[in-house]
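Colleague: My structure is below; once you've seen it, I'll send some questions.
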Amino acid sequence: DDLRSPIRIEREELRNLHFFPPEYGQRADGTAVDIFSFGMCALEMAVLEIQTNGDTRVSEEAIVRARHSLDDPNMREFILSCLTLNPDKRPTANSLLFHRVLFEVHSLKLLAAHCFINNQYLMPENVVEEKIKELDLNMVMAEIRREGRPGAQWRYS
């Protein structure tokens, strides 16, 4: 519907207010506003969900609980730096790109990536493709023999 009711639009805006920093609308918007919103998205992804009361906005208490539930100290520092109330103290997008949470590839993750790449043939969606690679495409897959007539053959190709 392009003609949505103003009440419905207002409810949707209220439900998403937690993505806006405290200074939103009071001064010229800069990248600090986006960093705050990114931090809130990262917080939601890290805790999987911030509890709401249905159609109402996310309470400050729910956000505080979500912040405290972050176990990894690096992730906590990364997200909380984005959610700093003072916009001048929020990190820049460039500094976030090189933060250890995004920039470092931990050895266990690296090992898991190598195992995944080296054993892709074990993945169910790749098994048939990998087995076909091993076959001679001219090999006879099935054959029907008939007396007095030529037989029919099916090949992999």
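Colleague: Give me the helices (runs of 4 or more DSSP H) completely within the range 71-118, filtered to those with at least 1 residues that are acidic (Asp, Glu) and at negative phi, ordered by residue number.
Modeller: In the range 71-118, the matching helices (runs of 4 or more DSSP H) lie at 73-82.
Colleague: List every residue pair whose Cβ atoms lie under 8 Å apart, where the two residues are 6 or more positions apart in sequence or sit on different chains, the first residue falls within the range 79-107 and is among the acidic types (Asp, Glu), and the second residue, located anywhere, is at pLDDT below 90.
Modeller: Once the first residue is among the acidic types (Asp, Glu) and sits in the range 79-107, its partners that are at pLDDT below 90 give ASP88/ALA32.
The values are calculated or read from the model by the stated rules, or taken from the named source; none is laboratory data. Please read these numbers as outputs of a predicted model, since none were measured by experiment. FYI the Cβ positions are ideal-geometry reconstructions off the backbone, even for glycines, and counts take in every protein chain you see.
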